[in-house]
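The values are calculated or read from the model by the stated rules, or taken from the named source; none is laboratory data. Because the structure is a prediction, the values reported are computed rather than measured. Every residue, glycine as well, gets a Cβ built from its backbone with ideal geometry; the counts of neighbours run over all protein chains shown. The protein model used for the area step is the full one, side chains on, heavy atoms only, and it has no ligands, DNA or RNA in it. Shrake-Rupley method; radii C 1.70, N 1.55, O 1.52, S 1.80 Å.
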Amino acid sequence: MADIRRIVDLYELYGSYKKVARELSISPNTAKKYLRRIKDLHDGEAEEILPKNRKIIQPSRVLTETVRLKIHQYLESNLEHPRKQRLTAKRIWELLVTDGHKIGYTSVKDEVVRWKRTNSPREVYILQEPRIGQRAEFDWGEVVLCIEGVRSKFYLAVFVLPFSLYRFARLYPRSARLEVIQAHIEFFHEIGAVPETIFYDRMSVVYDSQEQKLNEKFLEYSMHSGFRPCVCNPASPHEKGTDEESVGYVRRLTFGERSSFESFEAAIEWLSMCLTEINARPVYRRPDVPVQGLVQERDLMHHLPTLEYENYDLKRATISRYSLVKCEGNFYSVPDTYRPRQITLKIMVDMFNRYYLDDPKGFLPILDLMRETSPEALSSALTILNKQNISPTYDTLRFFLHQTMEQKVEPFACLGGFAVTQPDLAVFDRMMVG
């Protein structure tokens with residue numbers, strides 16, 4: 001509008017279209033056009049000088065029809081070649097320059113984008129209908145929480161059963177193999193069964209991308225529990241889209257409302273409470289709420305393994321000259337009476353984080369118990385206390401370690417039954433009298 005005002009001022013000064021055009025370095029016809037529009041606006045024959053939504057389309061001087069046709073021919077021939085052998089926009093530009101066309105790479109790239117937008121094959125997905133009791137999906141999600149005033153990053157392990165949309169989640173400070181297996185153990189115990197198949201993305205804990213095979217340690221655990229692990233194709237999150245959405249869904253509904261807690265245990269309790277509410281709500285395209293759907297699925301799943309899986313990792317560590325060993329970024333002291341230069345470490349998931357994070361000194365007597373007995377005995381005692389919901393303090397662990405444990409006998413089925421004779425109470429009376 002400032003340029004148009006300048007045209008009007010100069011025309012009132014000179015009274016000539018040519019002098020106005022010479023002063024502003026524009027065409028006389030341009031000056032004449034805008035002066036006529038201003039006159040039409042004053043006479044009421046027009047509503048505006050410049051249209052609000054005007055588009056200036058200038059014909060391309062380098063992207064001629066001949067060049068555009070060649071680009072389209074290259075792109076159409078691309079569809080007949082494997083994906084990794086197709087011509088890129090830069091290669092097409094190089095071929096055009098070799099043929100003698102003077103055109104820039106940006107012009108070729110823009111034309112390739114326009115052609116692909118209307119002619120490329122469109123990806124179509126098929127909605128999956130999961131079979132009852134057959135499938136579960138697993139994935140990790142990150143969440144930032146404020147524990148005792150300190151902001152830290154934690155990892156959210158999320159399971160979902162696609163048929164019933166029953167969701168399970170647990171918080172861990174790490175996302176290594178021990179945490180993945182521990183999440184599976186807790187998930188199986190909560191639902192009371194084991195799904196036939198569990199789907200994962202290509203996480204290194206489950207799948208070795210270099211060797212193109214499942215991780216041996218995780219495969220060992222899957223065989224023990226009785227499920228078949230399946231890995232999605234690269235860059236294909238839609239293959240387990242139910243869990244991809246569940247990670248964000250659980251994270252928003254639990255820690256979107258509240259992210260500050262007085263302890264790590266309080267955060268875990270809050271997560272469990274929110275999951276109970278989530279699994280009691282009606283869900284999309286399911287006749288029953290997830291808790292009711294789980295009851296139907298459980299009957300068609302595998303039974304829990306008879307023997308509990310001992311989830312720990314053994315590592316060899318070298319003792320430094322300061323009598324310290326390093327494990328997971330932390331240093332631990334070793335008694336100077338221990339003569340060897342190397343020591344075996346038994347690493348467990350969350351005993352320290354769950355019970356002794358706020359009282360690290362209380363964990364030191366526990367380590368002495370391991371020296372008195374053995375790591376295997378301590379692990380068995382921890383498993384028993386965990387099943388009984390007893391806090392593993394020094395006194396409770398020492399009690400279970402130093403007593404003779406009653407051997408457990410697994411229940412068995414007797415198809416034929418036992419023949420029990422009718423007792424003779426007179427014999428009992430004679431024994432009492434005699």
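Summary table below
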quantity	calculated
Total formal charge among the other residues, if their Cβ is under 11 angstrom from that of S379, Lys/Arg +1 and Asp/Glu -1	-2
Column: log10 I(q)/I(0), Debye, Cα scatterers of the chain, q = 0.06, 0.13, 0.14 Å⁻¹	-0.54, -1.23, -1.33
Candidate aspartates and glutamates - alpha carbon under 15 Å from K18, same-chain residues fewer than 8 apart omitted	D9
For the chain, built as a Gaussian network whose Cα springs stay under 10 Å, the top-fluctuating residue of L304, L401, L79	L79
Selection of GluC sites (Glu not before Pro), segment 148-240, meeting DSSP coil and at most 16 other Cβ within 10 Å	E148, E196, E211
Per-residue HN-Hα couplings for segment 29-40 [Karplus 6.51, -1.76, 1.60; θ = phi - 60°; Hz; x = Gly/Pro]	5, 5, 4, 5, 4, 6, 5, 5, 5, 5, 5, 5
From phi via Karplus (6.51, -1.76, 1.60), per-residue ³J(HN,Hα) for segment 206-222 in Hz, x at Gly/Pro	9, 10, 8, 5, 6, 7, 6, 7, 5, 5, 5, 5, 6, 5, 4, 5, 5
Global form of segment 152-214, assessed from the alpha-carbon gyration tensor, a/c cut-off 1.5	oblate
Simple Cβ-charge dipole of the chain, Lys/Arg +1 and Asp/Glu -1, about Cα centre, in debye nearest 20	3100
Residue of P335, P423, P290 that the Gaussian network model of the chain assigns the largest fluctuation, springs spanning Cα pairs under 10 Å	P423
Rh by Kirkwood over Cα pairs, then Stokes-Einstein D for segment 80-180 at 0.692 mPa s and 37 °C, µm²/s	169
Dipole of segment 187-271 [Lys/Arg +1, Asp/Glu -1 at C-beta], most positive-end residue of S259, G226, I191	G226
Estimated vicinal HN-Hα couplings, Hz - segment 141-154 in sequence order (Karplus 6.51, -1.76, 1.60; Gly, Pro = x)	x, 8, 9, 9, 10, 9, 9, 6, x, 10, 7, 9, 9, 10
Segment 234-292 - Rg and Dmax from Cα coordinates, angstrom	13.9, 40
Longest to shortest principal axis, alpha-carbon extents of segment 120-164, angstrom	49, 38, 11
Amide H partners (placed H, <5 Å) of E310, local residues excluded	none
Candidates T66, T393, T373: whichever shows maximal mean-square fluctuation once the chain is modelled as a Gaussian network with Cα springs under 10 Å	T66
37 °C / 0.692 mPa s Stokes-Einstein diffusion coefficient of segment 196-328, Kirkwood radius on C-alpha pairs, µm²/s	174
Of all DSSP beta bridges in segment 138-296, antiparallel share, percent nearest 5	75
Sequence-distant aspartates and glutamates (8 or more away, or on other chains) whose Cα lies within less than 20 Å of K84	E76, E94, E123
Sequence-distant aspartates and glutamates (8 or more away, or on other chains) whose Cα lies within less than 13 Å of K240	E129, E137, D139, D201
Whole-number accessible area per residue in Å² for segment 51-185, which is evaluated in the context of all protein chains at 1.4 Å	64
